[in-house]
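Student: Just passing along the structure, written as structure tokens.
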Amino acid sequence: MSPTLAVKGKESGTARVLGSGTSGVAELLIFHPVDTIAKRLMSNKAKVSFSSLSPIIFREHATAPLGRKLLSLFPGLGYAAGYKVSQRIYKFGGQPWFNDVLTRHYKSNFTNAFGERKGKMMMQATAGSLTGIGEVVLLPLDALKIKRQVNPEAFRGRGVVRIFLEEGTTLYRGWGWTVARNAPGSFALFGASAFTKDYVLGVSDYRKATWTQNFIASVAGAVASITVAAPLDTIKTRIQNANFEQKTSGVTIIRDLLRDEGATALFKGLTPKILVVGPKLVFSYTIAQSLIPWFANYV
């Protein structure tokens, strides 16, 4: 039987930052290599076969010793740290804030439209969607992380400050596709998680869920979110991993992708993501959901 986390009341902003920040650091250390593999598979435009996997994943280190191969999966770790920790603090710490706002000002609207139980779930999902839309402000860090993972030649020896000064708004390339991906993806993440807790696990006060209940709900939410967002995530990744001076629209990428690779290419990289959903959430969403109410006992 998993222990129930004792909570003393409303979560503070500090508790949300500490809980979500801890989840971001832990996730980064464990899963950055997996993210690199997924990004490289999504960016690959050729047919994928068993024999071509190693060159796609390890690039020029495909024939190197095992240790060097593994190290090659940690490109752009500095950018990834800035992005992942900021993203987790914003996403997992910001969604409860949006939910608080919706509860204070629009709870009656949701209750009248969906009923009390479903209205509570829909507020969680809507708060997640709003959080996902706002996540676009972190896009430059995400773009630099992806370029480091799949197109390091784009840096040409430049540091991060110089890149920001020289590229400016170019780093927000693909922002519309990012919003289009994040809105339904975050809606599915928080909505499916709330649905699982309430309707499957019978947890009415989400803050009092056990670690196991948080884990189960997180897996359900993440599978729903990744699947819903996969096609748009592939388009966003290809926009972002191009050279800085190359301007290719999302519509052009979709047209070329469907013509050259077929519709199934929209889901490239989905399998490795789905395969690590369970353990990844142990270190990210589950940790955030569990530690935020725990930190609330002390700060």
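Student: Nearest 500 deg cm²/dmol is fine: what mean residue ellipticity at 222 nm does the chain get from its DSSP H runs of n ≥ 4 alone, each adding -39,500 (n - 2.57), divided by its residue count? It would help to have the intermediate numbers written out before the result.
Tutor: On the way: 13 runs with 205 residues, N = 299.
One gets -22500 deg cm²/dmol as the mean residue ellipticity at 222 nm.
Student: Could I have the simple spin-label model distance between Lys10 and Ile30, label points 7 Å from Cα toward Cβ, reported in nm to one decimal?
Tutor: Going by the 7 Å Cα→Cβ label model, 3.2 nm.
Student: Determine the distance separating the Cα centre of the stretch 60-111 from the Cα centre of the stretch 16-58; give it in Å without decimals.
Tutor: If we compute the Cα centre of each part, the gap is 12 Å.
Student: Among Pro272, Pro75, Pro184, whose mean-square fluctuation peaks in a Gaussian network model of the chain (Cα, cutoff 10 Å)?
Tutor: Looking only at Pro272, Pro75, Pro184, the biggest GNM fluctuation is shown by Pro272.
Student: Something else: If you build a Gaussian network model of the chain, linking Cα atoms that sit under 10 Å apart, which residue out of Gly269, Gly119, Gly19 swings the most?
Tutor: Judging by the Gaussian network model, the answer is Gly119.
Student: Taking the solvent-accessible surface of protein heavy atoms with a 1.4 Å probe, what is the per residue accessible area of the chain in Å²?
Tutor: Numbers: 14030 Å² over 299 residues.
Value returned for the chain: 47 Å² of accessible area per residue.
Student: Further, regarding this structure: Anyone know which of Ser129, Ser49, Ser86 comes out most mobile in the 10 Å Cα GNM of the chain?
Tutor: Maximum fluctuation in the GNM of the chain, among the listed residues, is at Ser49.
Student: Run the numbers for Lys247 and Thr210: contour at 0.36 nm per residue of separation, minus the present Cα-Cα distance, in nm. Display every interim value, and only then the final one.
Tutor: Numbers: separation 37, 0.36 × 37 = 13.32 nm, distance 4.76 nm.
Computed gain between Lys247 and Thr210 is 8.6 nm.
Student: Could you tell me which residue out of Pro152, Ile239, Val251 lies farthest along the dipole of the chain toward its positive end? Charges go on the beta carbon: Lys and Arg +1, Asp and Glu -1, centred on the Cα centre.
Tutor: Pro152
Student: At 7 Å along Cα-to-Cβ for each site, give me the label-to-label distance between Thr170 and Ala263 in nm.
Tutor: A separation of 3.6 nm, rounded to one decimal place.
Student: Let me ask something additional. Among Trp175, Gly191, Phe164, whose Cα lies farthest out toward the positive end of the dipole of the stretch 127-198, if unit charges sit on the beta carbon of Lys, Arg (+1) and Asp, Glu (-1)?
Tutor: Phe164
Student: Going by the alpha-carbon gyration tensor, a ≥ b ≥ c the square roots of its eigenvalues, is the stretch 64-188 rounded (a/c under 1.5) or, if a/c is not under 1.5, prolate (a/b greater than b/c) versus oblate?
Tutor: Values: a/c = 3.31, a/b = 2.27, b/c = 1.46.
Taking the square roots of the gyration eigenvalues as a ≥ b ≥ c, the stretch 64-188 is prolate.
Student: One-quarter of the Cα convex hull surface for the chain, in nm²?
Tutor: Working: hull surface 68.9 nm².
Mean projected area for the chain: 17.2 nm², to one decimal.
Student: Something else: Mind checking the full-extension length gain between Thr111 and Val48? Use 0.36 nm per residue of separation minus the Cα-Cα distance, one decimal, nm. Don't jump to the answer; show the numbers that get you there.
Tutor: On the way: separation 63, 0.36 × 63 = 22.68 nm, distance 4.86 nm.
Going from the current span to full extension adds 17.8 nm.
Student: I'd like the trypsin sites (Lys or Arg not before Pro) in the stretch 155-223 restricted to DSSP loop residues with at most 14 other Cβ atoms within 10 Å, sorted by number. Don't jump to the answer; show the numbers that get you there.
Tutor: Details: sites: Arg156, Arg158, Arg162, Arg173, Arg181, Lys197, Arg207, Lys208; in loops: Arg156, Arg158, Arg173.
Here the trypsin sites (Lys or Arg not before Pro) that fit, given the DSSP loop and packing criteria, are Arg156, Arg158.
Student: Full-extension gain between Thr63 and Arg255, please, as 0.36 nm times their residue separation minus the C-alpha to C-alpha distance.
Tutor: Details: separation 192, 0.36 × 192 = 69.12 nm, distance 3.44 nm.
Extra length from Thr63 to Arg255 when fully extended: 65.7 nm.
Student: When the accessible area of the chain is split by element with a 1.4 Å probe, what percent falls to carbon and sulfur? Each step should come with its number before you reach the end.
Tutor: On the way: 9180 of 14030 Å².
Within the chain, the accessible surface is 65 percent carbon and sulfur.
Student: Could I ask something else about it? Taking the Cα centre of the chain as origin, sum charge times position over the Cβ atoms of Lys and Arg (+1) and Asp and Glu (-1), and report the length of that vector in debye to the nearest 20.
Tutor: Numbers: 37 positive and 18 negative charges, 27 e Å.
Using only the charged Cβ atoms, the result is roughly 140 debye.
Student: Going toward the positive end of the dipole of the chain, with +1 on Lys and Arg Cβ and -1 on Asp and Glu Cβ, which of Gly262, Ile287, Ala62 do you reach last?
Tutor: Ala62
Student: Largest first, how would Asp260, Asp142 line up by accessible area (1.4 Å probe)?
Tutor: Values: Asp260 95, Asp142 5 Å².
Per-residue accessible area, sorted high to low, gives Asp260, Asp142.
Student: Heavy atoms only, 1.4 Å probe, whole protein assembly: order Thr126, Thr22 by accessible area, highest first.
Tutor: Thr22, Thr126
The values are calculated or read from the model by the stated rules, or taken from the named source; none is laboratory data. Computed from a prediction, not measured in an experiment: that's the story for all the values here. Note that each Cβ is placed from the backbone with ideal geometry, even for glycine, and that neighbours are counted across all protein chains shown. Protein only, heavy atoms only, side chains kept; ligands, DNA and RNA dropped before computing areas. Shrake-Rupley method; radii C 1.70, N 1.55, O 1.52, S 1.80 Å.
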